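Chemist: Pasting a structure below so you can have a look.
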2 protein chains.
Amino acid sequence: MVIDCHGHYTTAPKELQAFRDSQIAALKDPTTSRPKALASLTDDQLRESVQPQLKFQNDRGTDVTIFSPRASAMAHHIGDAEISLDWSRHCNDLVHRVCTLFPKNFVGVCQLPQTPSAPLANCIDELERCVNELGFIGCNLNPDPSGGHWTAPPLTDRFWYPFYEKMVELDVPAMVHVSASCNSNFHATGAHYLNADTTAFMQFLQADLFTDFPTLRMIIPHGGGAVPYHWGRYRGLAQDMKRPPLTDLIRNNVFFDTCVYHQPGIDLLVKVVPADNILFGSEMVGAVRGIDPQTGHYYDDTKRYVDSAAISGADRQKLLEGNTRKVYPRINRLLPAAS
Amino acid sequence: MVIDCHGHYTTAPKELQAFRDSQIAALKDPTTSRPKALASLTDDQLRESVQPQLKFQNDRGTDVTIFSPRASAMAHHIGDAEISLDWSRHCNDLVHRVCTLFPKNFVGVCQLPQTPSAPLANCIDELERCVNELGFIGCNLNPDPSGGHWTAPPLTDRFWYPFYEKMVELDVPAMVHVSASCNSNFHATGAHYLNADTTAFMQFLQADLFTDFPTLRMIIPHGGGAVPYHWGRYRGLAQDMKRPPLTDLIRNNVFFDTCVYHQPGIDLLVKVVPADNILFGSEMVGAVRGIDPQTGHYYDDTKRYVDSAAISGADRQKLLEGNTRKVYPRINRLLPAAS
């Protein structure tokens, strides 16, 4: 079985964006009332909306996608805690409906109702709701709810600890994933996403978060940002700073996905990062949608790169399935036993 | 001849930091007067201070280092335009003295007196002074003088154009290099530096800066941040955004150095980035100072990685010397003709 750990619901029916647009319009014009509910969507509309993902799964030979709301649309910097909660619940509920319609193809991960002024407000409650009531198996945690101004404390700050306690209690991991950027310096998918990945890794390297939470698990997406390419730099920084060796530091706690869209990048990733710390992911349908003229295949068809990488069959099995079952253990309640 | 395009004066005599400390103390306590001048330093003190660099040049088989003030100490976010100018002039003058003492070993590049409230104030004057009076061949341009808050406009904004006009007139390039971070999210050398590299590249990809300035040249240090590792992502983003292919976009304008501290990283860099767009650099004595236990050699001994990389002799010659002579043409006035 092949599990894709990184897919967002980027193809939701347009009614979802219309709801969001009304939310934003009400923010700008206080005489307008906030929308109460999303327009009703039929199951057929939802089935239709995920045909691209189902086709890619079939064409590429992947089985199930860990599925979360569209990351760039989380936009935690818009509005307040109430707006963020309302938007998050609608997005999570819609992902839940898709997972219920296609239980073999999608497993849910939730967006959190973060907000810059109170990044943890409502997050614990929404995580509990999504895990206990909707059967979700993890969450996406935004290290920068301000959308490119980086006003929240580092992820290793005690500020975040109450949320981590709940993650540990529920035995769910977080993918560290920013959203849209409202800072004109940062293109979202071309800079902000990768910067956040790099930033989070260095925060983890500097502090003792995983001593405090030995079972806390974080996935750094987009192949770990700049980290594997600069693995020597990080090994050297850890050494200069008298921190543990990187492989010890990340062993049971930090994982990278394979959202790196060319063969040399994946080759580097599997060469320097231990096989136990890599999870197969594609981010489809997502950041890059075109076909690579050099290969004739979609840039984000990362399964091809993993298939061609110089790793053992046992390691490939870890990447494609085994590691994800360990990092997101609740998936085992929803899927048949390992193939 | 081997030219290292990326070296900072990280080993300056302690009197330089004492001057800076007095500047900062005067900022905090307005009853204290700002220091007027650096304590006098003898030529012998300066000669002594660069012995580590001279030893590394000798041990590693490099000849000359393009030398600039310590990047993390630029700290443009501290104080105002006057403080920044005073600090920059002192740092540049000291680099000039080292270059004068060892004209075969060091060629100068200047720090700019940027400041968050007016990032270009005094920069044109100081660039002219350093190039025309001190014989410097380029500058380090900080895309984020705020030190991690990213409040300046993107590098492609017309705001920066007057400075670019002067760069073009003087025929000098800029290395895009941030300084210390005062945002607790970003470790300087482990996150802020690499994020800035990634950010700058994406800014260049999005805009028509090099159509407006066909001869403007920018070096993105630290191997280009996350960019080469994600070369497929950037090729795909350029394609989706109907931008030119990356190789066309960067051809005469954007260059990466080789400050990547392990063999797999350098192997990736030379595989995906055209040989014409890579300049040898080590950042010694700099971000990572230890010896890699896996190799028994210094992490930042990047010449070893370049020597071992699977590239042709002609391409290696471009990386080690030829490209740098093209990108920093004023170096040809100071060094013997190409070997």
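The values are calculated or read from the model by the stated rules, or taken from the named source; none is laboratory data. The model shown is predicted, which means the values in this text are computed figures rather than measured ones. Counting neighbours? That spans all protein chains shown, and the Cβs are built from the backbone with ideal geometry, glycine included. What goes into the accessible areas is simple: the full protein's heavy atoms, side chains included, and nothing from ligands, DNA or RNA. Shrake-Rupley method; radii C 1.70, N 1.55, O 1.52, S 1.80 Å.
Chemist: If I ask for residues that are surrounded by 16 or more Cβ atoms within 10 Å (Cβ to Cβ) and of a type in the set (D, E, K, R), which ones from the stretch B:247-259 would you list?
Modeler: B:Asp257
Chemist: Go through (1) buried (at least 17 other Cβ atoms within 10 Å of the Cβ); (2) among the β-branched types (Val, Ile, Thr); (3) over 30 Å from B:Gly290 (Cβ atoms); (4) modelled with pLDDT of 95 or more and name the single condition A:Val285 misses.
Modeler: (4)
Chemist: Next question, about the same structure. So if I check each of A:Arg316, A:Arg304, which one is under 18 Å from A:Gly61 (Cα atoms), within 14 Å of chain B (Cβ to nearest Cβ) and basic (Lys, Arg)?
Modeler: From the options A:Arg316, A:Arg304, the qualifying one is A:Arg304.
Chemist: Would you mind finding the one in B:Glu48, B:Glu82 that is more than 20 Å from the chain's Cα centre (by Cα), modelled with pLDDT under 95 and not small (Gly, Ala, Ser)?
Modeler: None of the other options fit; the residue is B:Glu82.
Chemist: Which residues, counting only those in the stretch A:247-268, are of a type in the set (A, V, I, L, M) and either within 12 Å of chain B (Cβ to nearest Cβ) or in a loop (DSSP other than H, G, I, E, B) (or both)?
Modeler: A:Val260, A:Ile266, A:Leu268
Chemist: Within the stretch A:320-334, is there a residue that is touching a helix residue (DSSP H, G or I) at 6+ places or on another chain (Cβ under 7 Å), hydrophobic (A, V, I, L, M, F, W, C), within 14 Å of another protein chain (Cβ to nearest Cβ) and in a helix (DSSP H, G or I)?
Modeler: There is no residue in the stretch A:320-334 that is touching a helix residue (DSSP H, G or I) at 6+ places or on another chain (Cβ under 7 Å), hydrophobic (A, V, I, L, M, F, W, C), within 14 Å of another protein chain (Cβ to nearest Cβ) and in a helix (DSSP H, G or I).
Chemist: While we're here: Can you confirm whether the stretch A:269-282 contains a residue that is within 11 Å of chain B (Cβ to nearest Cβ), open to solvent by less than 20 Å² (accessible area, probe 1.4 Å) and either under 20 Å from the mean Cα position of the chain (by Cα) or not β-branched (Val, Ile, Thr) (or both)?
Modeler: Within the stretch A:269-282, one or more residues are within 11 Å of chain B (Cβ to nearest Cβ), open to solvent by less than 20 Å² (accessible area, probe 1.4 Å) and either under 20 Å from the mean Cα position of the chain (by Cα) or not β-branched (Val, Ile, Thr) (or both).
Chemist: Something else about it: Within the stretch A:282-304, is there a residue that is assigned to a loop (DSSP other than H, G, I, E, B) and under 22 Å from A:Arg217 (Cα atoms)?
Modeler: yes
Chemist: Quick one: in the stretch A:21-39, of everything that is free of Cβ contacts under 8 Å to residues at least 12 places away in the same chain and in a helix (DSSP H, G or I), which residue is most open to solvent (accessible area, probe 1.4 Å)?
Modeler: Checking each candidate, the answer is A:Lys28.
Chemist: Let me ask something else about it. Do we find that A:Ala71 is of a type in the set (Gly, Ala, Ser) and more than 22 Å from A:Asp257 (Cβ to Cβ) in this structure?
Modeler: no
Chemist: Could you please give the count of residues in the stretch B:3-20 that are assigned to a helix (DSSP H, G or I), of a type outside the set (Gly, Ala, Ser) and open to solvent by less than 80 Å² (accessible area, probe 1.4 Å)?
Modeler: Residues meeting the conditions: 5.
Chemist: What are the pairs, 6+ residues apart or on separate chains, where a residue within the stretch A:81-92 that is small (Gly, Ala, Ser) has its Cβ under 8 Å from a residue that is in a helix (DSSP H, G or I)?
Modeler: A:Ser88/A:Glu126
Chemist: Same structure again: Could you please find all residues in the stretch A:305-319 being in contact (Cβ under 8 Å) with a residue 40 or more places away in the chain and not in a helix (DSSP H, G or I)?
Modeler: A:Ala309, A:Ala310, A:Ile311
Chemist: Continuing with this model, one more query. Is it the case that B:Pro244 is open to solvent by 30 Å² or more (accessible area, probe 1.4 Å), at pLDDT 95 or above and more than 8 Å from chain A (Cβ to nearest Cβ)?
Modeler: Values: open to solvent by 30 Å² or more (accessible area, probe 1.4 Å): yes; at pLDDT 95 or above: yes; more than 8 Å from chain A (Cβ to nearest Cβ): yes.
Here the answer is yes, as B:Pro244 does meet what is asked.
Chemist: Still on this model: Looking at A:Ser312 and the list (1) within 22 Å of A:Asn253 (Cβ to Cβ); (2) more than 21 Å from the chain's Cα centre (by Cα), which single condition is not satisfied?
Modeler: (1)
Chemist: Right, something else. Name every residue in the stretch B:114-125 that is among the β-branched types (Val, Ile, Thr) and surrounded by fewer than 23 Cβ atoms within 10 Å (Cβ to Cβ), in order of residue number.
Modeler: B:Ile124
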